[in-house]
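The values are calculated or read from the model by the stated rules, or taken from the named source; none is laboratory data. Computed from a predicted model, the values in this text were never measured in an experiment. Because the Cβ atoms are built from the backbone with ideal geometry, glycine has one as well, and the counts that use them run over all protein chains shown.
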Amino acid sequence: MMLHAYDLGLINGEYLFFDMQPNQDENVENFPWKRNDDRDDDARVAYQALMTVTIKRPTSEQFVQFSEEVRLRALRDYNYNYTDETVNNFVGAFHDAVLLYAIALNETLNEGSDPKDGYNITRKMWNRTFEGITGNVSIDANGDRNAYYSILDMTDPETGKFEVIYYIFGAVGVVEKVGIIHWPGGASGPPDDVPACGFFNEYCPVADTFPVAGIVGIVIACLLILALIVVVFLYRKYKLESEIANMTWKIKYEDITFSHVNKSRFLSLNVMNKSMLLDNEDDIAEQQIFANVGHYKGSFVAVKKIHKERIDLNRDILIELKNMREVEHGHIVRFIGACVDSPCIAIVTEYCPKGSLQDILQNDSLQLDWMFRYSLINDIVKGLHFLHHSVMKRHGNLSSSNCVVDSRFVLKLADFGLEKFKANSSSSDNAFGELTKKLWVAPEVLRDPASTKTQEGDIFSLAIILHEIGSRNAPYDAETGDMSVKEIIERIKKGESPPFRPQIDRNLYPNEVRNLMESCWEENPSLRPNINAISATIKKLNRSESHSDNIMDNLLQRMEQYANNLESLVEQRTEAFLEEKKKSEQLLYSILPNSVAKQLIRGERVEPESFDCVTVYFSDIVGFTALSAGSTPLQVVDMLNDLYICFDALISNFDVYKVETIGDAYMVASGLPIRNGNRHAREVARMSLALLKAVLSFKIKHQPNHQMRLRIGIHSGPCVAGVVGLKMPRYCLFGDTVNTASRMESNGEPLKIHLSSSTHAILDTFYTFKMELRGEIEMKGKGMQTTHWLLGENLDVKDSNS
C-alpha cells in the first residue's frame, strides 16, 4: 500500500498515513519497510509518511513472569515454541478479561442475582478500575477499556528505524511526548486537512490566457499595495519606537508619599486552615500579606516592591510596560507605572481599599446572598474575558487574593502581566507560601512548571474561585484535616481518575454554578469551556436572577447590601463591646472594693482615706517551705489555688475585704472601705474560726495524708487605705496596724488564732467569744505585748451589739 502511495506521488508531505499494529513490540528494533527485495529503498522513503499505532507493551515484573509462563505452557501443552517471538499483548488482555468477568460474577452472586443475567453482569464491569496482569485496567462508562498506546515514527530517515514518539495513557488521559516527529517531505508540521489543490485538483483549475495589460495592471496594483503596506509598517514601527522611548509609565520612587499608616490588609493568612501550613508553621503562621499604600499625584496607589538588585530595561520589558500602561478596563486594576531605579524597584497600581475577594468571602460578618455572589462572579468573568482578548492573552496568576474590590464594591483583577519584569526576583515577604499559591494552579502547569501559563489554566483557577464563592472557605478546606498543602498538590499533579478536586456540598451551590465549576476544572484542558462560553453562561444566570443590566441599578444593589452588612456588623460589635465592658467591670469589682471600682469607672481620682479603727487578719501555712520542696511547682500552684478558692468562698459570708495573697500568706481586713462600727473585729474573728475549721478538713491532692496547718494573727487599730498604681491598680493598707497584725501572725502557733490586746478588748464587748490569755511575749519592734488566743464563740449567749 505504501509503495502504491509512493508511485502516486503522495509522499511529498500533503498526506500522512497511519496503520494499526496491536502486537508490535516497540522495544525491539523495528524496520517494517525492509523486505530484502528490489524496492526496499522506495519503501524506506514511503514509510517516512507512515506512523504506527500499537498497544504499549507492559514492562512490569509481573507481566514478564506471566509471559515466561505462557511460553512454557505453550511448549508443554501445544508443542508451540515462541523462540525469539514475543508473547502477544492480547494474551495478557484475555487473562485480565477473565479477571474482570470473575469480579463482576462474584458481585452478582454475593447480591443473590441471576448469574445468567448477562446484562447485569456486563454493567458491573463498567466504570471499574483494577490492577491486572497488564497493569492498570480501566473500563469507562461505555464499557470500553482505556488502554495504553504507543505511536512510532521513522524519526531519522538515515537509520530508517521506527521509534516511539508518544505514549498515550488512556486510563488517566495523559499524553507523554518521548521523541520528535519527522514529518513527511521535510515539512515543519503536519499536513493540511485538505491538500492545497483539493483531493481532485478542484482548487487548481487550468487558467485561460490572461491579457498582457491585465497582467501589467495587476503588477502595478500589487506594487502600490506593497508600497502602502511598507509605509504603514514603517509608520507603526516609528510610532511604537517613539512610545517605547517616551517611557510614560516611569515613576520616581521619591515622588510617592507614604503616610505613617502605609499598609493596607490584602489577605490574612490566619483565615486559612492551620492544617494547610507547611513543614515549618512558624515561618508563615499568623502573618499577613500587605500592600504598601502611597499617595501619588493626588490619588492613593498600591505599591508592590520587586526584590531585584537591578532591572535591565531591554526591549521585551519596555514593550511589556508599554502594553500594561495601555490596558484599561472597568474590571482590571489600572497600571499606573513602575519604579526602576535601584534599590527601590516597584510596580504602582490603582489602590482598592475594600481588600481582596478572599477577605470578603471569609469574613463571617458579611452576609452574601447569591445575587451579590453572581455580581462578583460576573465581574471576574468580565475582567478575564477582556484579558483573554487583549494583548495580555491571559492572567496567569489568578486567585481569590488577586481579585480586589474598590470603594464602589466593583471587583477587579490584579497581579497580571509583567512576567519578564518580575522574572528572577527573590522571594518577598509573602506569608502566603509558594505551595499554597499552587492550589489555584492547573494540573498541567503543576506537572511542568516551565510550561507557559495558558488561558485554560486561568479557567481552572476560575473554577477554584467559584468553589470558594460557594463554600466561603479556603480551597480544599475540607481536605486539609488529613493532608498538608504539599500532599494536596501531589495528588492534583498525579492526575487521578476521577481527578482530585475540592469536596462539594451540593446544598451550597445552584445547579448552574456547580455544573460550570466542574466543567472548568476538567483534567483535560481541551475539555474546559473557553471564556466566551463562560461569559454566555454567566449572562444567562444574571438574567434568570432578574439582575438589571443597568450599571446604576447594579451598583445601588451592591451598595445597599453592603450598607445592610455594615449595620448588622455595627450592631454585633456594639453588643460585643457592651459584653466586654460588663466583663471588665466585673473583673475590676473582683480586684478592688465596689465603692473604689465605681469611682475609677467614673474616671474620678481615688483619694487616700484614714480609718480610726479596722481589724486586719494575716495567716500563712506552717511548713510551707518544706511542703513546697517535696512538690513540683505545678502541684504547689494547684494546692494554693484549691486552698484560696475554699477561703474565698467562706469569706464571702462575712463583712470583710480580701486585700491580697502573697505566696502562702492571706490578708483580709474589715471596717474598710465601708465603716461598720466595732463589728469589724467580730466579722474577722468569726471568719477566722470558719477558716480554721475548713483547713482542718482540707485535703491536699498530691499529699492527702498531710495535715494543712494554718497560723492566724489578728490586730485592730487605725490605718490609711488607698489605690496605688495605674497599670495594675491595687487597694493597699498602710500604717502600724498592718505591721502589728503581721507580727501577731508570725509569733502565733499552728492551728491557733492569735489576738492582740486591742482586738481582745473589742471582742469582749460582744460577750460571745471564748478567749484565753496567752501572756506577755517579746514582739520584734514592739517590745513586750500581752496577747490572747481565740478559742471559739458561744452562740447561745446574746450578742450585746447585735
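In this structure, is L321 crowded, with 21+ Cβ neighbours inside 10 Å and either out of contact with any strand residue (DSSP E or B) (no Cβ under 7 Å at 6 or more places or on another chain) or in contact (Cβ under 8 Å) with a residue 60 or more places away in the chain (or both)?
Yes, satisfied.
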(message) Under 9 Å between Cβ atoms, which residue pairs at least 6 apart in sequence (or on different chains) link something in segment 635-654 that is more than 21 Å from S670 (Cβ to Cβ) and free of Cβ contacts under 8 Å to residues at least 12 places away in the same chain with a partner that is surrounded by 15 or more Cβ atoms within 10 Å (Cβ to Cβ) and not aliphatic (A, V, I, L, M)?
(response) V636/F624; V636/S628
(request) Quickly run through segment 695-724 and pick out the residues that are among the hydrophobic types (A, V, I, L, M, F, W, C), in a strand (DSSP E or B) and at pLDDT 85 or above. (result) L710, I712, I714, C719, V720, A721
(message) Take the residues in segment 279-299 that are surrounded by fewer than 16 Cβ atoms within 10 Å (Cβ to Cβ) and modelled with pLDDT of 85 or more; name whichever of them is farthest from V485 (Cα to Cα).
(response) K297
(request) Name every residue in segment 502-524 that is within 24 Å of M483 (Cα to Cα), surrounded by fewer than 21 Cβ atoms within 10 Å (Cβ to Cβ) and not β-branched (V, I, T), in order of residue number. (result) Q503, D505, R506, L508, E518, E522
(message) Tell me whether segment 93-112 contains one or more residues that are touching a strand residue (DSSP E or B) at 6+ places or on another chain (Cβ under 7 Å), surrounded by 12 or more Cβ atoms within 10 Å (Cβ to Cβ) and either in a loop (DSSP other than H, G, I, E, B) or in the same structural domain as A171 (by TED's automatic domain parsing) (or both).
(response) no
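Confirm whether H788 is under 14 Å from R686 (Cα atoms) and either of a type in the set (A, V, I, L, M) or at pLDDT 90 or above (or both). If you could, list the steps in order and put the result at the bottom.
Working: under 14 Å from R686 (Cα atoms): no; either of a type in the set (A, V, I, L, M) or at pLDDT 90 or above (or both): yes.
No, not satisfied.
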(request) Output the number of the condition that E29 fails; it satisfies all remaining conditions of (1) at pLDDT below 90; (2) of a type in the set (D, E); (3) not assigned by TED's automatic domain parsing to the domain that holds Y167. (result) (3)
(request) Enumerate the pairs (first residue in segment 295-314 and under 11 Å from V348 (Cβ atoms) and assigned by TED's automatic domain parsing to the domain that holds T257; second residue anywhere and part of a loop (DSSP other than H, G, I, E, B) and not hydroxyl-bearing (S, T, Y)) with beta-carbon separation below 6 Å, excluding pairs fewer than 6 apart on the same chain, so at least 6 apart or on different chains. (result) Y296/I256
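Mind checking whether some residue in segment 102-122 is touching a Pro at 6+ places or on another chain (Cβ under 9 Å) and not β-branched (V, I, T)? Spell out how you get there, then give the answer.
Applying the first criterion (touching a Pro at 6+ places or on another chain (Cβ under 9 Å)) to segment 102-122 yields 105, 108-109, 121.
Among the residues that remain, those that are also not β-branched (V, I, T) are: 105, 109.
Scanning segment 102-122 turns up at least one residue that is touching a Pro at 6+ places or on another chain (Cβ under 9 Å) and not β-branched (V, I, T).
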(message) Take A463 and tell me if it is in a loop (DSSP other than H, G, I, E, B), under 16 Å from C403 (Cβ atoms) and modelled with pLDDT of 85 or more.
(response) no
(request) Tell me, yes or no, whether segment 18-35 has at least one residue that is of a type in the set (S, T, N, Q), buried (at least 16 other Cβ atoms within 10 Å of the Cβ) and over 51 Å from the mean Cα position of the chain (by Cα). (result) yes
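Quick check on C613: is it assigned by TED's automatic domain parsing to the domain that holds H702, part of a helix (DSSP H, G or I), at pLDDT 75 or above and surrounded by 14 or more Cβ atoms within 10 Å (Cβ to Cβ)? Write out each step before concluding.
Details: assigned by TED's automatic domain parsing to the domain that holds H702: yes; part of a helix (DSSP H, G or I): no; at pLDDT 75 or above: yes; surrounded by 14 or more Cβ atoms within 10 Å (Cβ to Cβ): yes.
No.
Under 30 Å from I180 (Cα atoms) and either within 44 Å of the chain's Cα centre (by Cα) or hydrophobic (A, V, I, L, M, F, W, C) (or both), is that true of M125? Please lay out each step first, then the result.
Numbers: under 30 Å from I180 (Cα atoms): no; either within 44 Å of the chain's Cα centre (by Cα) or hydrophobic (A, V, I, L, M, F, W, C) (or both): yes.
Considered against the rule, which asks whether it is under 30 Å from I180 (Cα atoms) and either within 44 Å of the chain's Cα centre (by Cα) or hydrophobic (A, V, I, L, M, F, W, C) (or both), M125 comes out as no.
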(request) Give just the number: which of (1) small (G, A, S); (2) surrounded by 15 or more Cβ atoms within 10 Å (Cβ to Cβ); (3) not in a loop (DSSP other than H, G, I, E, B) does A171 not satisfy? (result) (3)
(message) Give me the residue from segment 643-667 that is assigned to a helix (DSSP H, G or I) and in contact with a Phe, Trp or Tyr (Cβ under 8 Å, 6 or more places away or on another chain) and, out of that set, nearest to V614 (Cα to Cα).
(response) F647
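Taking segment 145-164, which residues are in contact (Cβ under 8 Å) with a residue 60 or more places away in the chain, over 17 Å from G92 (Cβ atoms) and in a strand (DSSP E or B)? Quick ask: steps written out before the conclusion?
From segment 145-164, those in contact (Cβ under 8 Å) with a residue 60 or more places away in the chain are 147-154, 157, 160-164; that's our starting set.
Subsequent filtering for residues that are over 17 Å from G92 (Cβ atoms) retains 151-154, 157, 160-164.
Within segment 145-164, I151, L152, D153, M154, K161, F162, E163, V164 meet the criteria.
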(request) Would you confirm whether any residue within segment 52-69 is under 30 Å from M1 (Cβ atoms), in contact with a His (Cβ under 8 Å, 6 or more places away or on another chain), surrounded by 14 or more Cβ atoms within 10 Å (Cβ to Cβ) and assigned by TED's automatic domain parsing to the domain that holds A171? (result) no
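Take segment 436-451 and flag every residue that is over 10 Å from the mean Cα position of the chain (by Cα) and surrounded by 13 or more Cβ atoms within 10 Å (Cβ to Cβ). Spell out the reasoning first.
The first filter runs over segment 436-451 and keeps only residues over 10 Å from the mean Cα position of the chain (by Cα), leaving 438, 440-451.
Answer for segment 436-451, where residues must be over 10 Å from the mean Cα position of the chain (by Cα) and surrounded by 13 or more Cβ atoms within 10 Å (Cβ to Cβ): K438, W440, V441, A442, P443, E444, V445, L446, R447.
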(message) Can you pull out every residue in segment 328-348 that is among the aliphatic types (A, V, I, L, M), farther than 30 Å from G470 by Cβ and either in contact (Cβ under 8 Å) with a residue 60 or more places away in the chain or part of a loop (DSSP other than H, G, I, E, B) (or both)?
(response) I336, A338, V340, A346, I347, V348
(message) Please go through segment 243-258 and give me each residue that is loosely packed, with under 10 Cβ neighbours inside 10 Å and modelled with pLDDT under 75, ordered by number.
(response) A245
(message) Given (1) modelled with pLDDT of 90 or more; (2) assigned by TED's automatic domain parsing to the domain that holds E69, identify the lone condition not met by A141.
(response) (1)
(message) Pull out all pairs, ordered by first then second residue, where Cβ-Cβ is under 9 Å, the residues are six or more apart or on different chains, the first lies in segment 715-741 and is free of Cβ contacts under 8 Å to residues at least 40 places away in the same chain, and the second is among the aliphatic types (A, V, I, L, M) and part of a helix (DSSP H, G or I).
(response) M728/I591
(request) Could you tell me whether any residue of segment 725-743 is closer than 24 Å to S757 by Cα, assigned to a loop (DSSP other than H, G, I, E, B) and over 60 Å from the mean Cα position of the chain (by Cα)? (result) yes
(request) Hey, can you tell me all the residues within segment 56-72 that are among the β-branched types (V, I, T), more than 43 Å from the chain's Cα centre (by Cα) and at pLDDT below 90? (result) V64
